[in-house]
1. Just one of the numbered conditions (1) closer than 25 Å to ASP64 by Cα; (2) assigned to a helix (DSSP H, G or I); (3) more than 16 Å from the ligand (Cβ to nearest atom) is not true of LYS129; which one?
2. Return the residue satisfying two criteria in turn: it lies in the range 168-182 and is more than 6 Å from the ligand (Cβ to nearest atom) and among the aliphatic types (A, V, I, L, M), and of such residues it is farthest from the chain's Cα centre (by Cα).
3. Which residue pairs have Cβ atoms under 7 Å apart, sit 6 or more places apart or on different chains, and have a first residue in the range 14-34 that is assigned by TED's automatic domain parsing to the domain that holds ASP73 and a second that is among the basic types (Lys, Arg) and within 7 Å of the ligand (Cβ to nearest atom)?
4. In the range 33-61, how many are within 28 Å of GLY262 (Cα to Cα), out of contact with any Leu (no Cβ under 9 Å at 6 or more places or on another chain) and within 12 Å of the ligand (Cβ to nearest atom)?
5. Which condition number does ASP71 fail, the rest of (1) surrounded by 18 or more Cβ atoms within 10 Å (Cβ to Cβ); (2) more than 25 Å from LEU243 (Cα to Cα); (3) among the acidic types (Asp, Glu) being met?
6. Considering only residues that are of a type in the set (D, E, K, R) and touching a residue at least 60 places away in the same chain (Cβ under 8 Å), which ones fall in the range 117-128?
7. Among the candidates PHE120, PHE115, PHE63, which residue alone is buried (at least 21 other Cβ atoms within 10 Å of the Cβ) and of a type in the set (Phe, Trp, Tyr)?
8. So HIS216 passes all but one of these: (1) within 16 Å of the ligand (Cβ to nearest atom); (2) out of contact with any strand residue (DSSP E or B) (no Cβ under 6 Å at 6 or more places or on another chain); (3) of a type outside the set (Asp, Glu). Which condition number does it fail?
Amino acid sequence: MWVFKQSNQMSAWAHGKNSGFVPTMGFLHEGHLSLVRRAKNENDVAVASIFVNPAQFGPAEDFDAYPHDLDRDLNMLEKEGVDAVFTPSVQELYPNGPEITVRAGPLSLPLEGQFRPGHFDGVCTVVKKLFDVVQPETAYFGQKDFQQFLVIQEMVQSMKLGVNVVVCPTIREIDGLAKSSRNVYFSNQERKKAPLLYSALREAEKKLVQGKKPRHVENEAKLFLEENGFRVQYFRVASAETLEPVSKPEGRVLVAAAAFLGKTRLVDNVVFVV
Ligand code: AMP
């Protein structure tokens with residue numbers, strides 16, 4: 001497995017290859033590996049990147065505390081048969097600081113956009129740079145960050161980047177908690193409560209399918225989560241295409257939520273057809 005820190009070396013290796021690409025921030029788990037396996041199966045070569053992108057963290061967020069273990073990550077990727085890994089430094093990707101950036105499109109504004117201003121600009125900026133370096137045929141993203149997938153797809157279409165963008169199912173722990181690098185932050189007690197976010201999403205799905213009004217479903221879910229110690233930022237029923245709120249669910253529906261449990265912020269969602 002090749003490991004490249006320099007963009008020009010990564011590009012030279014990737015040039016002319018049909019590659020499937022998985023961008024990550026490292027501290028890998030089964031969720032990341034599921035994307036890597038898709039990339040490996042569906043392309044001639046699989047490329048992953050590990051880069052904790054400062055531009056997508058707010059000033060009060062966990063950039064400095066973000067967990068990392070590069071040796072462990074590289075071992076896991078090698079076991080999956082990944083062909084090349086790009087592990088640039090901040091200086092390598094942002095040699096002039098954040099001078100030239102991408103502004104994310106309208107799909108970045110609701111949901112996460114309301115609580116993490118500038119986050120998706122940072123995501124789009126780094127994904128654009130990574131795509132330029134790796135030149136993938138197809139890039140793989142997790143449904144866990146469903147809005148991120150839509151925002152990247154919107155950027156790719158608008159800027160004619162010519163990369164296929166594929167979304168893959170959320171991988172969960174046995175109790176339903178979505179796997180996340182940030183799950184290591186939980187205390188034992190918080191870890192026991194954490195799966196309730198997914199329970200609330202599934203319960204909301206059930207009620208919406210039964211014809212209950214989205215506003216009622218949202219309010220009941222928020223109440224349930226607050227009673228269980230979560231600090232809910234949003235719990236929203238929306239169109240899975242436009243992210244606009246819906247008063248009567250039809251077609252592909254997204255229920256997306258973000259909530260703090262202690263100091264840890266969880267995001268999760270379900271997508272289904274009504
Ligand atoms: P991250 O390292 O958190 O930036 O995630 C890198 C990629 O892995 C993103 O496309 C995430 O959506 C995806 N991902 C993270 N957690 C999961 C999961 N539990 N299941 C599937 N994909 C995931």
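1. All conditions are met except number (3).
2. Residue satisfying both the conditions and the ranking: ILE174.
3. If the second residue must be among the basic types (Lys, Arg) and within 7 Å of the ligand (Cβ to nearest atom), the pairs left are HIS29/LYS179; GLU30/LYS179; GLY31/LYS144; GLY31/LYS179.
4. Total satisfying the criteria: 3.
5. Checking ASP71 against (1) surrounded by 18 or more Cβ atoms within 10 Å (Cβ to Cβ); (2) more than 25 Å from LEU243 (Cα to Cα); (3) among the acidic types (Asp, Glu), the one that fails is (1).
6. Taking the range 117-128 first, the residues of a type in the set (D, E, K, R) are 121, 128.
Correct list: ASP121 only.
7. Details: PHE115 fails: buried (at least 21 other Cβ atoms within 10 Å of the Cβ); PHE63 fails: buried (at least 21 other Cβ atoms within 10 Å of the Cβ).
On inspection, the qualifying residue turns out to be PHE120.
8. Only one criterion in (1) within 16 Å of the ligand (Cβ to nearest atom); (2) out of contact with any strand residue (DSSP E or B) (no Cβ under 6 Å at 6 or more places or on another chain); (3) of a type outside the set (Asp, Glu) is unmet by HIS216, namely (1).
The values are calculated or read from the model by the stated rules, or taken from the named source; none is laboratory data. The structure displayed is predicted, hence computed values, not measured ones. FYI the Cβ positions are ideal-geometry reconstructions off the backbone, even for glycines, and counts take in every protein chain you see.
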